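As structure tokens, the structure follows; a few thoughts come after it.
The values are calculated or read from the model by the stated rules, or taken from the named source; none is laboratory data. Computed from a prediction, not measured in an experiment: that's the story for all the values here. Don't worry about glycine lacking a Cβ; one is built from the backbone with ideal geometry, like all the others, and counts go over all protein chains shown. The protein model used for the area step is the full one, side chains on, heavy atoms only, and it has no ligands, DNA or RNA in it. Shrake-Rupley method; radii C 1.70, N 1.55, O 1.52, S 1.80 Å.
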Amino acid sequence: MSVEVLNFGCRLNIAEGEAIRAASADADDLIIINSCAVTREAERQARQAIRKAALRRPEARIIVTGCAADTNGGAFAAMPEVSLVLGNRDKRSPEHYVAPAEAGAGVTLSRRTLPKAPAFAGATWQSPAVSGADHARAFIEVQNGCDHRCTFCIIPYGRGESRSIPAGAVIDAVKAAVDRGQQEVILTGVDLTSYGPDLPGSPTLGQLVERILRHVPA
């Protein structure tokens, strides 16, 4: 049977869901829960979706990824319906989806995240996650992660440090969305105004928008 991706939480997850779908294209009989950790309710909804998915497709493997997989992976690993808990850093890597876990091996967490260790140290992507043609609007990732450590916010521990997508890759993604007939483009990120300092020349978000408008005229 086909791969099914269920997204929870922010608009960035909608875009990342397409990247996950592409990464898991060669898998079979798989349900992927792209979770959110912003609220306890978001985690509750993910657990509920896991149980419903297991009843609906009892033969399918269920993989949990996304922010809650990083921040509370043990809770998902303890669920008997779950085959694999996959950290955010690994969720766009095809090899984690194709090979099923060995029979009797139990649930495997792809890695451990220490509470004070950024999950994405040294990790980057050169191309953005983009929502598919089935969306009237194109959600395009331009930034991920956050360098702030606000007292009550868990997001940096699920997303890691701030990272920006190079402008050329963003422009290519916008052009592709327009060519698909999507008339509205939404730039997404975890901390969108932090775009740029990690890129050569330290471009700003405003400069990125200017380049998009220059190269992809309305």
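Can you give me the accessible area per residue for the chain, using a 1.4 Å probe, in Å²?
Dividing the accessible area of the chain by its residue count gives 50 Å².
Express in nm, to one decimal, how much length is gained between Ala136 and His148 on full extension, taking 0.36 nm for each residue of separation and deducting their alpha carbon distance.
1.1 nm
Rounded to a whole number, what % of the accessible area of the chain do carbon and sulfur atoms account for, probe 1.4 Å?
Carbon and sulfur atoms account for 55 percent of the accessible area of the chain.
Loop only by DSSP, 15 or fewer other Cβ within 10 Å of the Cβ. Give me the trypsin sites (Lys or Arg not before Pro) in region 125-218 that pass, ordered by residue number.
Qualifying residues, ordered by number: Arg149, Arg180.
Which ³J(HN,Hα) values, rounded to whole Hz and listed in residue order, are derived for region 16-32 from phi using the Karplus coefficients 6.51, -1.76 and 1.60 in 6.51 cos²θ - 1.76 cosθ + 1.60 with θ = phi - 60°, glycine and proline given as x?
Karplus-based 3J(HN,Hα) across region 16-32 equals 5, x, 5, 5, 5, 4, 5, 5, 9, 4, 8, 7, 9, 6, 9, 10, 10 Hz.
Can you give the accessible area of Tyr195 in Å² (nearest 10), computed on protein heavy atoms with a 1.4 Å probe?
10
Note the full-extension length gain between Met79 and Val38 as 0.36 nm times their separation in residues minus their Cα-Cα distance, in nm to one decimal.
Stretched fully, the Met79-Val38 segment lengthens by 12.7 nm.
Please report the projected area of the chain's Cα convex hull averaged over all directions, in nm².
If I average the Cα hull's projected area over directions, I get 12.3 nm².
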